[in-house]
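Presented below is the structure to which this report refers.
The numbers here are math on the coordinates, done by the rules we state, and not lab data. Note that the structure is a prediction, hence the values are computed from the model and not measured. Don't worry about glycine lacking a Cβ; one is built from the backbone with ideal geometry, like all the others, and counts go over all protein chains shown.
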Amino acid sequence: MKSKIQALREDFEARLAAVSVPEALEEMRVFFLGKKGAVTDLLKSLRDLPGEERKEAGQEINSFRDEVEKRLAEAGRRLSEAALAAAIRTAKHYNPTLPRREEKGSYHPITLVQRELEEIFTGMGFTVEDYFEVVNDYQCFESLNIPKHHPARDMQDTYYLENGQLLKTQTSAAQNAIMKKYGVPLRAIFPGRCFRNEATDACHENTFFQMEGMMIDKNISISNLIYFMKTMLSEVFRQPINVRLRPGFFPFTEPGFELDINCLICGGKGCPSCKNSGWLELCPCGMIHPNVLREGGIDPEEYTGFAFGLGLTRLAMMKYGVKDIRDFNSGDLAALSQFVSE
Ligand code: DAH
């Protein structure tokens with residue numbers, strides 16, 4: 001028996017030394033440790049030995065088996081490390097010896113539009129505010145004059161956390177906090193990522209960007225709103241932009257509007273892009289509802305203000321002629337790296 005074990009040991013060493021691929025290791029495992037393997041055979045043959053000898057041989061076989069297991073595992077680790085090192089050495093896209101490429105990364109088109117708007121607005125005395133993506137019901141709805149069960153909520157289904165918080169559906173969710181933080185007079189913009197439970201297609205995404213703006217002071221009127229929007233849009237599009245207001249309903253405005261701009265493609269004459277109307281819908285806005293001002297700690301008898309919720313993603317689509325909104329979140333560098341700031 002002793003010599004059998006010794007012979008198997010030598011066989012194991014010889015085979016192990018020759019192994020260079022993981023498949024061969026697996027074959028060895030089956031040969032030595034499998035159900036019908038060499039170690040099992042040895043154990044079976046123990047039956048024929050007398051008592052004392054059987055015990056001794058049994059121990060020896062067991063320790064051989066443990067040894068085989070350990071050495072096979074070690075060899076497996078060594079092989080996979082070597083395989084990784086070889087993959088890195090031969091990888092087509094990774095060569096650590098090449099000099100660094102001169103081309104730099106590029107900004108996401110939405111970042112470009114956002115930064116441009118931030119610059120325009122800071123030039124007009126607005127501050128740029130940051131706000132959470134996870135908010136609560138009060139911030140997103142209640143403080144904006146949208147009580148529970150208000151039908152306006154139907155348009156803004158979103159993703160809820162188990163603790164009742166939610167992913168904000170609109171940048172308006174920051175209005176209340178910013179009013180409370182700064183008081184009046186107030187000029188602020190707050191860009192942010194918004195979320196809605198939407199079926200996605202070329203025009204709809206569950207994740208998109210808006211830029212909200214507010215201006216609150218004594219004697220702020222719709223004329224101020226029109227002036228700021230017109231100035232901002234003319235700069236963004238690098239051409240004089242005409243705007244028109246149509247009535248729109250938002251519980252947090254009174255009155256509320258949809259702001260349209262003259263079609264950039266036909267200049268207002270009418271073409272397929274603007275469905276022959278000469279106008280494109282761009283930005284919901286309005287005079288801030290007295291309830292919303294009051295909730296933000298501002299006296300609506302003394303102060304008035306306008307607010308707007310510009311669709312940043314939509315603006316980027318218009319500015320850069322992007323046809324499919326899903327390109328923005330695709331992570332596809334070929335699509336996204338072609339935009340450069342002017
Ligand atoms: N938060 C609105 C939405 O996402 C857009 C909006 C409308 C924002 C009117 C405003 C506003 O600030 O005054 O649908």
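Tell me, which residue of region 229-249 that is among the hydrophobic types (A, V, I, L, M, F, W, C) and under 31 Å from the mean Cα position of the chain (by Cα) is farthest from the ligand (Cβ to nearest atom)? Outline the logic, then answer.
Step one: list which residues in region 229-249 are among the hydrophobic types (A, V, I, L, M, F, W, C), which gives 229, 232-233, 236-237, 241, 243, 245, 249.
Now drop any that are not under 31 Å from the mean Cα position of the chain (by Cα), which leaves 229, 232-233, 236-237, 249.
On the way: MET229: 11, MET232: 14, LEU233: 16, VAL236: 18, PHE237: 20, PHE249: 9 Å.
Here the answer is PHE237.
Give the residue, chosen from PHE257, PHE252, that is aromatic (Phe, Trp, Tyr), within 16 Å of the ligand (Cβ to nearest atom), farther than 24 Å from PRO109 by Cα and out of contact with any His (no Cβ under 6 Å at 6 or more places or on another chain). Result: PHE257 is the single residue among PHE257, PHE252 that is aromatic (Phe, Trp, Tyr), within 16 Å of the ligand (Cβ to nearest atom), farther than 24 Å from PRO109 by Cα and out of contact with any His (no Cβ under 6 Å at 6 or more places or on another chain).
Entry remark, region 221-240: residues being surrounded by fewer than 19 Cβ atoms within 10 Å (Cβ to Cβ) and either in contact with a Cys (Cβ under 8 Å, 6 or more places away or on another chain) or not polar (S, T, N, Q) (or both) number 9 in total.
With respect to the stated conditions, LYS44 is in a helix (DSSP H, G or I) and loosely packed, with under 12 Cβ neighbours inside 10 Å.
Could you please let me know if ALA75 is free of Cβ contacts under 8 Å to residues at least 24 places away in the same chain, surrounded by 11 or more Cβ atoms within 10 Å (Cβ to Cβ), within 48 Å of the chain's Cα centre (by Cα) and within 30 Å of ALA86 (Cβ to Cβ)? Criteria not met by ALA75. Scan region 272-311 for residues that are away from the ligand (no atom under 16 Å from the Cβ), closer than 27 Å to PHE209 by Cα and in contact (Cβ under 8 Å) with a residue 60 or more places away in the chain and the total you get is 0.
Please tell me if LYS230 is under 15 Å from GLU129 (Cα atoms) and basic (Lys, Arg). The answer is no for LYS230. The set of residues from region 178-220 being buried (at least 18 other Cβ atoms within 10 Å of the Cβ) and part of a helix (DSSP H, G or I) comprises ILE178, MET179. Just one residue in the set ARG100, ARG89 is within 38 Å of the chain's Cα centre (by Cα), in a helix (DSSP H, G or I) and without any contact (Cβ under 8 Å) to a residue 24 or more places away in the chain; that residue is ARG89.
Please work out if LYS269 is away from the ligand (no atom under 13 Å from the Cβ) and without any contact (Cβ under 8 Å) to a residue 60 or more places away in the chain. First the steps, then the outcome.
Numbers: away from the ligand (no atom under 13 Å from the Cβ): yes; without any contact (Cβ under 8 Å) to a residue 60 or more places away in the chain: yes.
Here the answer is yes, as LYS269 does meet what is asked.
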